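Below is one structure, written out as structure tokens; comments come after it.
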Amino acid sequence: MNWITNYVRPRINSIFSRRDTPENLWSKCDNCGNMLFHRELRENLNVCTSCGHHMAITPRERFSALFDGGVFSEIKVPAPLEDPLRFRDQKRYPDRMRAAQKATGEKEAMLVAEGEMGRTPIVAAAQDFSFMGGSMGMYVGNAIIAAAERAVALKRPLILFSAAGGARMQEGILSLMQMPRTTVAVQMLKEAGLPYIVVLTHPTTGGVTASYAMLGDVHIAEPNALICFAGPRVIEQTLGEKLPEGFQRAEYLLDHGMLDRVTPRTELRGELITITRMLMGLNPAVAGDLPPPGDTAEASPPEALNAPPAEKPAK
Amino acid sequence: MTNYLDFEKPLAEIEGKAEELRAMARANEEMDVEAEASALDKKARELLEDLYTKLTPWRKAQVARHPDRPHCRDYIKALFTEYTPLAGDRNFADDHAVLGGLARFGDQPVMVIGHEKGHDTRSRIQHNFGMARPEGYRKAVRLMDLADRFGLPVITLVDTAGAYPGKGAEERGQSEAIARSTEKCLQIGVPLVSVIIGEGGSGGAVAFATADRVAMLEHSIYSVISPEGCASILWKDSEKMREAAEALRLTAQDLEKLGVTDRVIREPLGGAHRDRDATITAVGKTIASMLSELDGRTGKKLVKERRRRYLELGSKGLAA
């Protein structure tokens, strides 16, 4: 009880009391159910601060945390044919597209950008699971090709964050043809001698796993990410039996030799800097407050790599 | 004994009647049924023509899966000589869903690789209904490498519902195996031609059908997902496979318009299974002509053009 509840007129009072717990300040962890303060959750890259569960993160949020000072420039992706098959299920494909664009504020299911990560020049591509399940259609194919071509032109490594339910059925065979198309993109990088690092995030399945997501030089997955070709439900239907706990999860794939590492999102940036710098033959990264550009890098202890990005973007 | 598809039921009745009449005549020599029987034959033929000239996409899917359709081993037996199967992925096992080996096509030594579905219960189980496991794709990679090193053209015959969705297959890296096989298809500096002889099911088909030239039999299909699978996801009702088959544009005719396939090989009236020899001969002719188109090209040029073919795919759409 304070003076407002006692003295302010009831109508105003009701407004104030409603403001006591606005819904958007808190979100609930999908895993442990704990209420998490929004800003804290965002600062922790959508990883639950109490149980460590990795929730979805949009490509834009990811890039803001990945690139130095959150600064990156988007790489333009050639627009594909719109609705090439005139596809219609219960809804028309263009209507589904517009709904997804409205819901996400994004044009399509992949974002491609260039910039610096711990002063390491890179090209990055991230798939957006919130956009029609991150599905791989012609746009995603074009995005990966554009990313590879840009990386080759700039002689930079490509870091790709995968997240998709698979191919986009509404583009029929043309979505399937993104498997060979994106494979050609990976080959461009390999032939140019540039690292191609795949970060597999929850979920990465179907034709995406069976093409560019499994052709990396290094495969890193986020904890507990579902990574598979055929989904667990399909397999359960085929076999008629329950699958073991943790089947097709990141740790399971690590055990079966399909991944190099399973790394929490909060430690990913530091690890990516370390790996790309070694593969590119660069000096160890400088961490903490970065000296102005031009100063040569000095060796620094690896634990400092997870320090927050520098305030100013490097030139 | 002919296997009839559900939409062929009226045909089955007429052909059955003609057969019955002739059987009666054989038992009783005084009966003259020939006039009546040939009338029925004529009627059956008309009906067959009527059914097959306007097959809907779903019916095409059914024909593509017809149990009597010639399969990979039938083509290998008829079109190649000195076929020498090569087995194993050198890692884990030999996958019988994938056949492959050295053979002569005419005089030319080649590598032939394909999915085999099997023709009766025993062989279907043995070949896992044409659904390959990682070992199958890894065997294919090994054979393509071998062909590449010795300058042998590669011929792939695609006929699979898809890669096998099983526990062991997933554990041993089904996705990675498919990805590597597609990658290998895009790397080898020898001619690579592919024929989709039945079902081209999703990633399991792409892993073999990423080629310099792709041909499809008239009633074969090639799709990102089966009509049933698509219906259950997008329509939430697996019985809507007719609509899904329509929407997916999975027929050889639509795929030719989209530039995914270069040639459509005509099938005998009533589908490949009604005249297997004629079908196999037609496929052989197409393979020969596709290979001759690639004759004399250097490995470098082949790889470059193959990659460009896929990079450029998708510039053509379909009008409604």
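How big is the stretch B:44-118 in terms of Cα radius of gyration and Dmax, in angstroms?
Looking at the stretch B:44-118, its Cα Rg and Dmax stand at 17.1, 54 Å.
Residues of the stretch B:109-132 with amide nitrogen under 19 Å from the 7 Å Cα-to-Cβ point of B:Asp6?
Those under the cut-off are none; the list is empty.
Hey, got the average number of other protein chain Cβ atoms within 10 angstrom for residues in A:223-231?
Counting other chains' Cβ atoms within 10 Å and averaging over A:223-231 gives 4.
So how do B:Arg90, A:Arg181, A:Arg62, B:Arg73 line up by other beta-carbon neighbours within 10 Å, fewest first?
B:Arg90, B:Arg73, A:Arg62, A:Arg181
Would you list A:Phe247, A:Phe72, B:Phe80 from fewest to most Cβ contacts within 10 Å?
A:Phe247, B:Phe80, A:Phe72
Using only the alpha carbons of the stretch A:154-257, determine the length spanned along each of the three principal axes and report them from longest to shortest in whole angstroms.
Sorted from largest, the Cα extents of the stretch A:154-257 read 49, 33, 17 Å.
Given the convex hull over the Cα atoms of the stretch A:112-165, what projected area results after averaging over all orientations, in nm²?
3.6
Once every DSSP H run of n ≥ 4 in chain B is given -39500 (n - 2.57) and the sum is divided by its residues, what mean residue ellipticity at 222 nm do you get, rounded to the nearest 500 deg cm²/dmol?
-14500 deg cm²/dmol
With just the Cα atoms of the stretch B:216-279, tell me how far they stretch along each of the three principal axes, in Å, largest first.
In descending order, the Cα extents are 41, 27, 13 Å.
Between B:Arg104 and B:Leu269, what length comes free when the chain is fully extended (0.36 nm per residue of separation minus the Cα-Cα distance, one decimal in nm)?
Gain on stretching B:Arg104 to B:Leu269: 56.4 nm.
Could you pull out the longest piece of chain B with no exposed loop GluC sites (Glu not before Pro) in it, calling a site exposed if DSSP puts it outside H, G, I, E, B and it has at most 16 other Cβ atoms within 10 Å?
It runs B:31-320.
Taking the Cβ of each residue in A:Trp26, B:Trp58, B:Trp235 as the centre, tally the other Cβ atoms inside 10 Å and list the residues starting with the fewest.
Ranked by crowding around the Cβ, least crowded first: A:Trp26, B:Trp235, B:Trp58.
Would the stretch B:65-179 count as rounded, prolate or oblate if I go by the C-alpha gyration tensor, calling it rounded below 1.5 in a/c and otherwise prolate when a/b exceeds b/c, oblate otherwise?
Here the stretch B:65-179 falls in the oblate category.
To the nearest 20 debye, what is the magnitude of the charge dipole of chain B about its Cα centre, counting +1 on the Cβ of each Lys and Arg and -1 on the Cβ of each Asp and Glu?
Here the size comes out at about 1640 debye.
Excluding residues on the same chain fewer than 8 positions from B:Lys301, give the aspartates and glutamates whose Cα lies under 12 Å from its Cα.
Those aspartates and glutamates meeting the cut-off are B:Asp212.
Kindly rank B:91-104, A:74-87, A:126-139 from highest to lowest mean number of other beta carbons found within 10 Å of each residue.
Packing proxy ranking, top to bottom: A:126-139, B:91-104, A:74-87.
In whole Å, largest first, what are the principal axis extents of the Cα atoms in the protein assembly as shown?
114, 70, 45
For chain B, taking Cα atoms only, what is the radius of gyration to one decimal and the Dmax to the nearest whole Å?
21.0, 73
Using Cα springs under 10 Å in a Gaussian network model of chain B, which residue among B:Asp32, B:Asp212, B:Asp159 shows the largest mean-square fluctuation?
B:Asp32
Please check: in the Gaussian network model of chain B (C-alpha springs, under 10 Å), which one of B:Leu157, B:Leu40, B:Leu291 has the largest mean-square fluctuation.
The residue with the greatest mean-square fluctuation here is B:Leu40.
Would you calculate the separation in nanometres between label points at B:Gln126 and A:Arg98, each defined as 7 Å from the Cα along the Cα-to-beta-carbon direction?
Result for the modelled spin labels: 5.7 nm.
Readers should treat all values here as calculations from the given coordinates under stated rules, not as data from a laboratory. The structure displayed is predicted, hence computed values, not measured ones. Ideal geometry is used to build each Cβ from the backbone, glycine not excepted, and the neighbour counts take in all protein chains shown.
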